[in-house]
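K.L.:
To start, I am sharing the structure in question, which I have written as structure tokens.
Laboratory data are not the source of any read-out in this text; all were calculated from the coordinates shown. Quick caveat: nothing in here was measured; it's all calculated off a predicted structure. Here the Cβ is made from the backbone with ideal geometry for all residues, glycine too, and neighbour counts use every protein chain on show.
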Amino acid sequence: MQAKENMMPPKTYDAIVIGAGHNGLAAAATLARKGHAVLVLEAQSSIGGMAKNVELMKGVFAPEIAHLLYNINPTVARELGLGTIFAPLDLISLATVSLSPSGDHVLIKDGTPQDMAGKSHPEAAKYTEIYQRLTKFAGLLGQMSTKTPPSLAGGIKDITDLAQAAGLTKIGLNLKLMGKKDMREFLRVLLSNIYDHLLDDLTDSPLSGALAADAVRGAYAGPRAPGTVFTLMYRLGNGAMVTLPKGGMGAVADAFGKAASNSGVTIRTDAKVAKVMVTDDRATGVQLGSGEVIMAKAVLSNLGPKSTMMLAGVEHYDVEATRRLRHHRAKGTTAKVNLVLSEVPEFTGLKGDLTHARLIIAPSATYVERAFNPVKYGELPQDPVIEAVIPTLSDASITTDGKHILSAILSFVPYNLKGGWSDAARQELREIAIKTLETYAPNIRALILEAQVLSPADIETLTGAPGGHWHHGEMGIDQVLTNRPANQLAHYHFGPAGYYLCGATAHPGGDVMGAAGRNAAMQVIKDGVLK
Amino acid sequence: MSKHVPIGLIETPFHPRLEPLSRAKKWMNWAGYISAGVMDTLEFEYFAIRNQTTLFDISPMHKYRIKGKDALLVVNRLVTRDIGKIRDGRVSYVLWCDEDGNLIDDGTLFRYSAQDFRLCCQESMLTWLIDTAWGFEVTIKDESHNVAALSLQGPTSYSLLSDAGISVGDMKPFDWCEVEPGLWISRTGFTGDLGYELWTSNDQALALWDRLWGAGHHWGLRAIGFEALNICRIEAGFMAAGFDFQPVHHAVRLGRGRSPIALGASKMIDFKKGHFNGRRALLTEAQTGPSHHLRKIDIGGFKPADGALIYYKKKHEVGHVTSGVWSPTTKRNIALAEFKAPYGDTIKNDLWAEIYINKEGQWDKRLVRVEIENKPFFQNARSRATPPKPF
């Protein structure tokens with residue numbers, strides 16, 4: 001199927017998708033594959049949302065926001081043909097190295113930790129036990145991700161939809177099948193904090209630090225916050241493979257984009273939606289900033305829930321819904337620092353090709369907790385948690401002249417910085433990032449040719465993700481499954497008939513998974529609104 | 001001097017007049033105010049409502065002012081009726097629901113203009129109104145403690161007002177207007193009879209009371225309490241919050257809320273006016289039918305049946321009486337009762353109320369026949385006559 005370039009575009013579409021992030025594109029492709037005419041409208045001049053490349057110097061491309069792919073959903077990948085000749089996507093699997101200031105780093109490969117000499121880590125057995133247990137528990141949660149979450153609107157007794165009831169029953173059954181010991185353990189740890197959970201068995205070291213950092217990445221929570229075992233399990237449950245897309249994160253956007261346009265989806269960029277039109281409690285189309293009106297039988301929004309509500313108008317929502325959406329927790333805490341380097345920096349004690357790995361700066365779980373503290377007061381962390389990767393080492397196609405990119409995600413950077421986000425504040429953040437990296441790679445400062453700093457506020461501006469939040473909304477236990485994004489709004493339906501939420505703010509949530517978009521499209525089809 | 005929050009119940013602006021008049025000293029707590037349950041004798045007070053005229057202090061009622069460019073949009077978002085159809089200077093009986101279509105409260109909405117309304121109700125509603133108004137250009141002001149109000153009810157109420165020099169002859173039911181600077185009158189009430197409600201500022205309250213009291217002797221004016229009024233409202237078939245429905249924000253248990261459809265107020269819902277709170281849930285319920293039906297019933301015998309369980313074929317429990325009294329005017333044993341659907345709706349025969357009677361320490365149980373009533377038990381043309389006559 002080819003994009004119908006020489007045909008007049010239809011004035012009316014079956015469905016309009018607002019936002020060409022990967023979830024929007026997944027939703028569009030899923031609908032188009034079922035034979036529906038779909039239009040995707042993107043406010044920015046290119047598609048991809050958080051999964052994008054940015055050209056920092058001529059011929060040098062950095063992953064602008066997201067830099068690794070952890071959790072692409074296998075169902076989505078299969079259905080959309082991602083990684084096939086039609087929507088090429090090559091993924092390079094990466095190991096993780098948790099850095100230590102002493103040079104005593106830990107390599108975590110295939111779920112097993114080793115020291116730099118290649119010997120088994122002294123805590124390997126305990127680590128593996130924790131990891132396997134959490135992965136097993138996580139499997140229980142993971143099976144929910146391609147399903148509409150169960151509805152509890154009328155209490156347990158009102159679950160009339162057999163499929164939903166079956167889903168819940170299956171979880172309950174699988175919980176039982178784990179055996180009494182595991183089931184008790186699951187229920188015990190589910191709401192507890194990852195800090196205590198890890199340090200029950202491990203020493204406070206780069207090994208526990210890396211897991212603690214993974215548990216809270218993107219969250220407005222330190223590892224001592226309740227519910228952080230759950231967030232780690234949720235991450236593991238949706239697949240914890242760390243992969244680097246060949247061609248950069250832009251390749252992910254392109255793959256989703258190709259899957260969509262191959263299926264006949266029309267994508268328009270620089271098309272900002274000003275308003276979603278509602279007639280007789282039914283979404284009938286959109287009006288662009290330019291005043292242009294496009295009609296459709298269904299409108300899917302990839303934006304945050306509050307923005308999605310405001311596009312249609314608050315008058316179409318019950319007071320309870322507006323209450324919940326106004327208080328939707330979405331305080332972004334991740335900032336991005338991209339550095340162009342003249343050559344590969346030398347990390348003390350890091351040997352061979354391990355510089356290719358995902359590098360974690362979280363030398364202890366306590367370090368992670370301390371790094372979280374300042375964000376509560378709108379301050380910058382002086383010793384931040386960093387997840388860094390040098391993608392140019394694994395993929396030369398995104399650079400030129402031997403230049404390298406170091407892409408760093410800084411955790412616990414406040415969205416509402418005291419005094420606001422100015423150029424001086426970005427400069428300060430850049431300095432903090434470089435200083436922290438210098439502890440591990442002393443020669444890095446001299447290699448910097450160019451730097452890009454994006455605060456959570458900048459990420460919000462670029463992508464529309466509320467609060468610049470990594471997952472478009474906190475993945476706390478109060479905002480997942482039946483409560484994502486909020487109670488009574490968890491089934492992709494969003495107020496007026498034919499209006500849907502299809503982004504990370506809907507179940508199953510954030511990371512570049514594509515499942516939320518795909519599930520939303522399935523719900524649209526199930527509802528029969530396109531007939 | 002620092003101001004302190006008063007401890008315990010507080011006095012209404014009319015209390016200095018009520019206190020010396022009260023023989024029964026039967027006070028109640030109404031929204032934190034000292035309010036009369038009975039002033040003298042229940043029977044005297046009841047018959048004064050139906051044959052003379054009565055004053056009841058309704059100052060404890062919650063009163064909210066909704067003002068601003070979007071005020072009409074906000075009240076229409078709040079309530080189930082279309083307030084766009086209500087003219088300025090009119091009052092509307094309104095219901096409002098939560099997202100599940102269950103009743104939060106009912107009350108009266110006074111329209112000054114499309115930009116200015118006052119809502120009067122039983123329940124505290126400030127935070128709900130503020131949240132309803134989020135995203136709209138309006139201000140919500142709690143006037144509960146600033147507006148004094150009296151309910152003047154009974155067949156001679158019009159004549160009394162005339163004698164007090166207040167001209168309301170051309171006011172129709174549910175009209176309201178400023179008859180004198182600072183004195184607003186609405187032709188409204190909770191008795192189903194001829195009557196008015198008078199609204200003024202707290203500092204004018206006692207002067208208003210004295211003016212009415214001074215003109216009242218000839219017309220049999222009595223100060224009354226809630227208990228007499230309660231008989232009249234059941235006779236008129238009006239439901240009351242906390243009795244005939246549980247305001248859903250106060251109901252702790254799941255499933256205790258009731259929709260306007262279940263409460264027999266489907267006519268108060270306008271599905272065509274655009275979205276309002278609970279509309280989607282009510283639309284579904286309008287199709288599937290409510291789980292319960294609140295009905296007016298006539299019960300055999302003369303023993304009031306408040307709280308009585310109701311049985312079908314003397315066997316299956318299908319409902320209960322929510323408000324039951326002996327109606328002295330109609331000489332009937334009447335009540336409002338809630339039935340589990342389809343009882344009270346499609347199944348109306350063979351219904352029995354179980355009444356327990358204490359005969360000087362000996363309990364007797366009776367099953368008494370229940371008949372469904374469609375019309376209010378008490379209806380009188382004088383309540384609607386314009387201009388009213390000196391009955």
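K.L.:
Are there GluC sites (Glu not before Pro) in region A:340-404 that DSSP puts in a loop and that have at most 15 other Cβ atoms within 10 Å, and which ones?
P.N.:
A:GLU343, A:GLU346, A:GLU379
K.L.:
Tell me which of A:GLY218, A:ILE294, A:PRO101 sits at the most positive position along the dipole axis of chain A, charges placed on C-beta atoms (Lys, Arg +1; Asp, Glu -1).
P.N.:
The listed residue farthest towards the positive side: A:ILE294.
K.L.:
Return the distance in nm (one decimal) between the two label points of a simple spin-label model at A:SER102 and A:THR75, each offset 7 Å from Cα along Cα→Cβ.
P.N.:
A separation of 4.6 nm, rounded to one decimal place.
K.L.:
Shielding by partners for B:191-202, please: the mean number of other protein chain Cβ atoms within 10 Å of each residue's Cβ.
P.N.:
Counting Cβ atoms of other protein chains within 10 Å of each residue's Cβ and averaging gives 0.
K.L.:
Here's something else I'd like to know. Check A:MET277: other-chain or 5+ apart residues with amide H under 5 Å from its amide H, H built from backbone geometry?
P.N.:
Long-range HN contacts for A:MET277: A:THR284, A:GLY285, A:VAL286, A:GLN287.
K.L.:
Under unit Cβ charges (Lys, Arg +1; Asp, Glu -1), what dipole magnitude, rounded to 20 debye, does region A:364-468 have relative to its Cα centre?
P.N.:
The calculated dipole for region A:364-468 is roughly 180 debye.
K.L.:
With point charges of +1 on the Cβ of Lys and Arg and -1 on the Cβ of Asp and Glu, referenced to the Cα centre of chain A, which listed residue (A:VAL368, A:HIS471, A:ALA29) lies farthest in the positive direction of the dipole?
P.N.:
Farthest towards the positive end: A:ALA29.
K.L.:
I need the trypsin sites (Lys or Arg not before Pro) found in region A:39-120, filtered to DSSP loop residues with at most 11 other beta carbons within 10 Å of theirs.
P.N.:
Counting only loop positions with at most 11 other Cβ atoms within 10 Å, the trypsin sites (Lys or Arg not before Pro) in region A:39-120 are A:LYS58, A:LYS119.
K.L.:
What nm distance separates the two modelled labels at A:SER422 and B:LYS315, each placed 7 Å from Cα along Cα→Cβ?
P.N.:
So the label points at A:SER422 and B:LYS315 sit 8.4 nm apart.
K.L.:
May I ask you to compute the full-extension gain from A:LYS176 to A:GLN287, defined as 0.36 nm times their residue separation minus their alpha-carbon distance, rounded to one decimal in nm?
P.N.:
Contour length minus Cα-Cα distance gives 34.9 nm.
K.L.:
Please sort by residue number the GluC sites (Glu not before Pro) in region A:2-101 whose DSSP state is loop and whose Cβ has at most 13 other Cβ atoms within 10 Å.
P.N.:
Sparse-neighbourhood loop GluC sites (Glu not before Pro): A:GLU5.
K.L.:
Counting pairs of Cα atoms in region B:89-161, how many percent are more than 21 Å apart?
P.N.:
Here the long-distance tail beyond 21 Å is 38 percent of all Cα pairs in region B:89-161.
K.L.:
Determine ³J(HN,Hα), in whole Hz, for all residues of region B:63-71 in sequence, where each value follows from phi through the Karplus function 6.51 cos²θ - 1.76 cosθ + 1.60 and θ = phi - 60°; x replaces Gly and Pro.
P.N.:
10, 10, 9, 10, 10, x, 4, 9, 4
K.L.:
Over 28 Å between Cα atoms: which of A:LYS52/A:LYS136; A:LYS297/B:LYS85; B:LYS85/B:LYS172 fall into that group?
P.N.:
Too far apart for the 28 Å limit: A:LYS52/A:LYS136; A:LYS297/B:LYS85.
K.L.:
Multiply the residue separation of B:LYS69 and B:GLN115 by 0.36 nm, subtract the distance between their alpha-carbon atoms, and state the gained length in nm to one decimal.
P.N.:
Result for the pair: 16.0 nm of gain on full extension.
K.L.:
Right, next: Roughly how tilted is helix A:162-177, in degrees to the nearest 10 and between 0 and 90, from the longest Cα axis of chain A?
P.N.:
That helix lies at roughly 20 degrees to the long axis.
K.L.:
Residue by residue through region A:433-441, which ³J(HN,Hα) values in whole Hz follow from phi under the Karplus form 6.51 cos²θ - 1.76 cosθ + 1.60 (θ = phi - 60°), with glycine and proline marked x?
P.N.:
4, 5, 4, 5, 5, 4, 4, 9, 10
K.L.:
What length, rounded to one decimal in nm, is gained on full extension from A:ASP270 through to A:LYS136, with 0.36 nm per residue of separation minus their alpha-carbon distance?
P.N.:
Going from the current span to full extension adds 43.8 nm.
K.L.:
Now a separate question. Using the Karplus equation 6.51 cos²θ - 1.76 cosθ + 1.60 (θ = phi - 60°), what ³J(HN,Hα) coupling, rounded to whole Hz, does each residue of region B:327-339 give in order, writing x for Gly and Pro?
P.N.:
8, x, 6, 8, 6, 9, 8, 10, 6, 9, 9, 9, 10
K.L.:
Would you be so kind as to identify which of A:GLY247, A:PRO496, A:LEU350 lies farthest towards the positive end of the dipole of chain A, taking Lys and Arg as +1 and Asp and Glu as -1 on Cβ and the Cα centre as origin?
P.N.:
So the residue furthest toward the plus end is A:PRO496.
K.L.:
7 Å from Cα along Cα→Cβ at both A:ASP478 and A:MET241: what's the point-to-point distance in nm?
P.N.:
3.6 nm
K.L.:
Let me ask you something else. Between A:LYS376 and A:HIS327, what's the calculated FRET efficiency when r is the beta-carbon distance and R0 is 25 Å? Round to 0.05.
P.N.:
0.90
K.L.:
For a quick size check, give me the Cα extents of the protein assembly as shown along its three principal axes, largest first, whole Å.
P.N.:
Its Cα atoms span 107, 69, 60 Å along the three principal axes.
K.L.:
For chain B, give the magnitude of the charge dipole about the Cα centre (Cβ charges: +1 Lys/Arg, -1 Asp/Glu; no others), in debye to the nearest 20.
P.N.:
Here the size comes out at about 940 debye.
K.L.:
Dipole of the protein assembly as shown, Cα-centred, from +1 at each Lys and Arg C-beta and -1 at each Asp and Glu C-beta, to the nearest 20 debye?
P.N.:
Taking the Cα centre of the protein assembly as shown as origin, the dipole is about 2380 debye.
K.L.:
Moving to a separate point now. Would you pull out the residues with amide H under 5 Å of A:ILE267's amide H, same chain only if 5 or more places away, H placed 1.01 Å from N?
P.N.:
Hits under the 5 Å cutoff: A:VAL40.
K.L.:
If you don't mind, another one. Could you grab the relative contact order for chain B? Cα pairs under 8 Å, six or more apart, rounded to a whole percent.
P.N.:
After rounding, I find 18 percent.
K.L.:
Mean separation of Cα pairs under 8 Å and 6+ residues apart, divided by the residue count of region B:291-373: what relative contact order is that in percent?
P.N.:
The normalised contact order for region B:291-373 reaches 37 percent.
K.L.:
Using modelled backbone amide H atoms (1.01 Å from N, in-plane), which distant-in-sequence or interchain residues come within less than 5 Å of B:TYR33's amide H?
P.N.:
Answer set, sorted by chain and number: B:ILE10.
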